[in-house]
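Have a look at the structure below, then the notes.
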Amino acid sequence: MRDREHKEVMGKSNLMIKLRELLLEEDRINQEKLTNEVQLLKDEFNTRSKLEHKIDPIIEDHLDKLKTDFPTLFGPVITETIKYQIKHSQDEVVDALYPIIGKLIRKYIAREIEMLSEKVDAQLDIAFSWKGWINRFKAWFSGSKETDIVFQGVAEPVIEEIFVIEQNSGLLYGSYSRNKTMDQDMIAGMLTAIKSFVVEAFKSGEQELESIEYESYHILFKSFKKYFLAVAVSGTITASFKDKLDGTVLNFANKLRKQAQEVNNTDTDVFSGYLEQYFKEINK
Amino acid sequence: MILSKKVILLGHFGVGKTSLIQKFVHSKFSEKYITTIGVKVDKKVVRVNGRELSLIIWDIAGENARQKVPQAYKMGAHGAIFVFDVMRPSTYENIEDDIKHMQSILPPMPFVLVGNKKDLMSEQKLNVLKKALPKNDFFFSSAKTGELVEEMFGKLAKLMTQ
Ligand SMILES: Nc1nc2c(ncn2[C@@H]2O[C@H](COP(=O)(O)OP(=O)(O)OP(=O)(O)O)[C@@H](O)[C@H]2O)c(=O)[nH]1
Ligand SMILES: [Mg+2]
């Protein structure tokens with residue numbers, strides 16, 4: 001009986017063990033799986049490259065979203081801040097912007113007119129254009145170039161100052177000025193220095209400095225052997241103005257050559273007289 | 001009509017060329033050192049033998065390794081002022097060579113030699129320096145006190161009109 005009982009118990013416990021084994025086996029496998037997965041995760045987490053691989057797309061996604069949504073997300077805040085700043089420091093803002101904008105606009109307009117003028121020039125060059133001919137006739141009869149008719153009164157070129165300056169020494173032979181603002185001798189010296197500087201700095205050799213431009217001013221240089229002319233012009237330089245100026249410069253140079261024997265060529269007053277006589281015409 | 005002459009100031013950087021001109025033309029002196037970039041042209045009318053003479057003064061930057069100055073600035077000059085700094089031997093050690101160099105690139109013209117910043121040196125040391133120099137017709141000036149500033153330009157003006 002005992003034996004039977006024992007057997008029974010044994011059978012029961014065997015069953016239990018089997019059962020447990022069965023149950024635990026599944027657990028064990030599960031646990032092993034889990035451990036493996038945790039290990040894998042740990043690995044991924046600790047290896048930057050592997051992590052990046054996973055996270056980057058997410059971040060990128062967010063960044064893209066931020067980029068496209070930035071104006072709506074932060075726009076109002078930034079606008080408010082700037083608005084506030086401008087409102088509460090108006091004078092500073094105006095002070096800072098005014099000269100820049102003024103210069104920009106002036107330069108821009110002068111440039112635009114120059115370009116437009118050139119475009120019109122090109123158009124008028126279409127030789128058999130009927131309109132071109134009509135314009136040309138108009139110009140012939142009124143004595144000015146067709147392009148100039150279109151832009152009459154807009155930033156007309158005006159000779160502000162002319163200097164006749166001895167080469168090298170930079171001494172002033174004579175000058176003509178609409179409104180003498182600075183010392184003419186000093187300007188003559190500085191213009192000579194700029195000219196020398198350009199020749200030497202850019203190793204231009206025989207090449208000469210032809211013009212300097214600043215804002216809506218131009219300084220045109222015309223070189224002769226003993227002296228050069230520097231002509232300061234405000235406004236937009238048109239081709240016809242250039243033509244007229246070149247012609248006058250040559251006439252003037254001729255006059256000087258012819259009179260070279262009679263005129264003491266360092267007499268500034270005589271020089272200045274000639275200059276006025278020759279160049280006042282252009283400004284009319 | 002006023003006669004004009006071009007005067008150039010030569011010498012190492014920082015010896016006081018600009019200061020001497022400032023003192024001479026505008027009666028001003030500043031302790032601040034603002035090195036001249038390139039060249040600056042100034043002007044002063046002086047009287048020589050009862051006649052007016054316009055000095056067009058070219059303040060040329062002292063050359064150094066970093067700044068080369070166009071030789072053209074010196075062209076056409078009628079007179080030169082060589083300036084050195086009495087406190088800095090390097091500015092006068094080669095003065096004879098410097099003068100020779102100028103004479104090789106420019107036609108003959110009058111010049112004066114100037115040892116500047118005299119106010120920084122004792123009489124005693126100055127006397128030692130005077131003996132060591134190759135010539136004895138130097139002006140020892142100070143742009144700060146104005147000592148001999150008028151005189152050096154006056155002397156050159158006279159030489160240029162002879
Ligand atoms: N105490 C004293 N200082 C001087 C005198 N002359 C010039 N200085 C000072 O020396 C410094 C240089 O003077 P500048 O006149 O600028 O020298 P520079 O020869 O024109 O120099 P660069 O233009 O660089 O060639 C400045 O700080 C001046 O104040 C002087 O006579 N006495
Ligand atoms: Mg200087």
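Before moving on, here are some points about what is shown:
- Scanning segment B:10-54 for residues that are in contact with a helix residue (DSSP H, G or I) (Cβ under 7 Å, 6 or more places away or on another chain), within 13 Å of another protein chain (Cβ to nearest Cβ) and either under 17 Å from B:Thr91 (Cβ atoms) or not hydrophobic (A, V, I, L, M, F, W, C) (or both) turns up B:Thr36, B:Gly38, B:Asp42, B:Lys43, B:Lys44, B:Ser54.
- Among the residues of segment B:60-84, those identified as at pLDDT below 95 and within 12 Å of ligand 1 (Cβ to nearest atom) are B:Ile60, B:Ala61, B:Gly62, B:Glu63, B:Asn64, B:Arg66, B:Gln67, B:Val69.
- Those residues of segment B:78-106 which are within 16 Å of ligand 2 (Cβ to nearest atom) and of a type in the set (Phe, Trp, Tyr), in sequence order: B:Phe82, B:Phe84
- B:Leu20 over 29 Å from A:Lys226 (Cβ atoms), within 14 Å of ligand 2 (Cβ to nearest atom) and of a type in the set (A, V, I, L, M): yes
- Residues within segment A:175-188 that are open to solvent by 30 Å² or more (accessible area, probe 1.4 Å), more than 12 Å from chain B (Cβ to nearest Cβ) and at pLDDT 70 or above, tallied: 2
- Of the strands (runs of 3 or more DSSP E) lying entirely inside segment B:30-97, those carrying at least 3 residues that are of a type in the set (D, E, K, R) are B:39-48, B:51-60.
Matching residues to (1) surrounded by 10 or more Cβ atoms within 10 Å (Cβ to Cβ); (2) under 50 Å from the mean Cα position of the chain (by Cα):
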{"position": "A:Leu41", "(1), (2)": "yes, no"}
{"position": "A:Glu44", "(1), (2)": "yes, no"}
{"position": "A:His53", "(1), (2)": "yes, yes"}
{"position": "A:Ile58", "(1), (2)": "no, yes"}
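- The listed residues are B:Met109, B:Met75, and the only one of them that is under 15 Å from A:Gly189 (Cα atoms) and away from ligand 2 (no atom under 16 Å from the Cβ) turns out to be B:Met75.
- Residues in segment B:120-146 that are open to solvent by 70 Å² or more (accessible area, probe 1.4 Å), more than 27 Å from B:Val25 (Cα to Cα) and within 16 Å of ligand 1 (Cβ to nearest atom): B:Glu123, B:Lys125.
- Sole residue being open to solvent by less than 70 Å² (accessible area, probe 1.4 Å), farther than 19 Å from A:Val270 by Cα, within 10 Å of chain B (Cβ to nearest Cβ) and modelled with pLDDT of 85 or more, chosen from A:Leu191, A:Leu172, A:Leu220: A:Leu191
- Among (1) touching a residue at least 60 places away in the same chain (Cβ under 8 Å); (2) open to solvent by less than 10 Å² (accessible area, probe 1.4 Å), the one test that B:Lys117 misses: (2)
- Restricting B:Ile57, B:Ile81 to those that are open to solvent by less than 60 Å² (accessible area, probe 1.4 Å) and facing chain A (nearest Cβ under 10 Å) reduces the list to B:Ile57.
- Long-range neighbours under 6 Å by Cβ, at least six apart or interchain, first residue under 14 Å from B:Trp58 (Cβ atoms) within segment B:17-28, second more than 11 Å from ligand 1 (Cβ to nearest atom) and outside any loop (DSSP other than H, G, I, E, B): B:Ile21/B:Asp42; B:Ile21/B:Ile57; B:Phe24/B:Phe153; B:Val25/B:Asp42; B:Val25/B:Lys44
The values are calculated or read from the model by the stated rules, or taken from the named source; none is laboratory data. Because the structure is predicted, anything quoted here is derived from the model rather than measured. Glycine also receives a Cβ, built like all others from the backbone with ideal geometry; neighbour counts cover every protein chain displayed. Please note that ligands, DNA and RNA were not included when accessible areas were found on the heavy atoms of the full protein model with its side chains. Shrake-Rupley method; radii C 1.70, N 1.55, O 1.52, S 1.80 Å.
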